[in-house]
1. Within the stretch 75-97, take every residue that is part of a strand (DSSP E or B) and out of contact with any Asp or Glu (no Cβ under 9 Å at 6 or more places or on another chain) and give me the one that is nearest to Ser155 (Cα to Cα).
2. Name every residue in the stretch 106-121 that is in contact (Cβ under 8 Å) with a residue 60 or more places away in the chain and assigned to a loop (DSSP other than H, G, I, E, B), in order of residue number.
3. Condition test on Thr158, is it surrounded by fewer than 21 Cβ atoms within 10 Å (Cβ to Cβ) and within 14 Å of the chain's Cα centre (by Cα)?
4. Can you name the residue in the stretch 19-70 that is modelled with pLDDT under 65 and among the polar types (S, T, N, Q) and, of all such residues, is nearest to the chain's Cα centre (by Cα)?
5. May I ask you to say which residue of Arg173, Arg147 is touching a Phe, Trp or Tyr at 6+ places or on another chain (Cβ under 7 Å), basic (Lys, Arg) and closer than 18 Å to Trp106 by Cα?
6. Is it true that some residue in the stretch 167-176 is surrounded by fewer than 16 Cβ atoms within 10 Å (Cβ to Cβ) and either farther than 30 Å from Asn49 by Cβ or charged (D, E, K, R) (or both)?
7. Can you find a residue in the stretch 171-182 that is touching a residue at least 12 places away in the same chain (Cβ under 8 Å), in contact with a Ser or Thr (Cβ under 9 Å, 6 or more places away or on another chain) and among the acidic types (Asp, Glu)?
Amino acid sequence: MNKPKGFSANLAAPRQIQGFTLIELVIVIILLGLLAAAALPRLLSATDNAEVASLEGVAGGFSTGVSIAHAQWAADGNTAGGNTSAANKIAINLDGKVFYMNEYGWPANVNSSEDASADGQTADECKQIFDDILQSSPAATTNNNNRANNRFYVSVITGAGGDIAGQVGDVCRYELILSNSATATGTHYFDYDVVDGQVTVVFPNQG
């Protein structure tokens, strides 16, 4: 009897599929754990570096904005000690936005009905400057219970401004709300001294 072409009587037996042994699974789990332990610090470091970069970027833009406002105040012929009452405070115009200046020539608020004294700064006034001095400001709040919906929490440090005897004023604090926390941390922020216009960035030492 003739066999058809390609026919073979020695058909290969199907391979038996074997799974991992318990020891092999344990070894794989250990290796994955070691890899995760090695990668996690790098991931956390990258996240923190991104937070710091974000904070420094916003602080840099804010500092430039208040400095330009101060320069405009001086260019308009104003000098320290100007009137800060709601009715007579000094106003400057920057690209169509009106800022009211304190007695030291730094932005205090944007509301015509509020006093602009450097020692009477409020958190809301600090937020007004933050919102208007930046071209496109991140979402900010003065409500400590509304952190989850914002990127910055704004507060005021009473009496902390000025580094020269006789100067009196407050400090606006802009705290970056960390992406992994909706509660108060106070570790990443920048301060705006309304007496001398200094902007100071604060964040944990990166080592």
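The values are calculated or read from the model by the stated rules, or taken from the named source; none is laboratory data. What you see is a predicted model, and the numbers here were worked out from it, not measured in a lab. No Cβ is skipped: glycine too gets one built from the backbone with ideal geometry, and neighbour counts run over all protein chains shown.
1. As a first pass, look at the stretch 75-97 and keep what is part of a strand (DSSP E or B): 90-94, 97.
Filter once more, so that each one left must be out of contact with any Asp or Glu (no Cβ under 9 Å at 6 or more places or on another chain): 91, 93.
Details: Ala91: 23, Asn93: 25 Å.
In this case the residue turns out to be Ala91.
2. Trp106, Ala118, Gln121 - these are the residues of the stretch 106-121 that are in contact (Cβ under 8 Å) with a residue 60 or more places away in the chain and assigned to a loop (DSSP other than H, G, I, E, B).
3. Details: surrounded by fewer than 21 Cβ atoms within 10 Å (Cβ to Cβ): yes; within 14 Å of the chain's Cα centre (by Cα): no.
No.
4. Per the stated criteria, the residue is Thr47.
5. After applying the criteria, what remains is Arg173.
6. Of the stretch 167-176, the ones surrounded by fewer than 16 Cβ atoms within 10 Å (Cβ to Cβ) are 168.
Filter again for either farther than 30 Å from Asn49 by Cβ or charged (D, E, K, R) (or both), leaving 168.
Yes, the stretch 167-176 contains a residue that is surrounded by fewer than 16 Cβ atoms within 10 Å (Cβ to Cβ) and either farther than 30 Å from Asn49 by Cβ or charged (D, E, K, R) (or both).
7. So far as the stretch 171-182 goes, yes, one or more of its residues are touching a residue at least 12 places away in the same chain (Cβ under 8 Å), in contact with a Ser or Thr (Cβ under 9 Å, 6 or more places away or on another chain) and among the acidic types (Asp, Glu).
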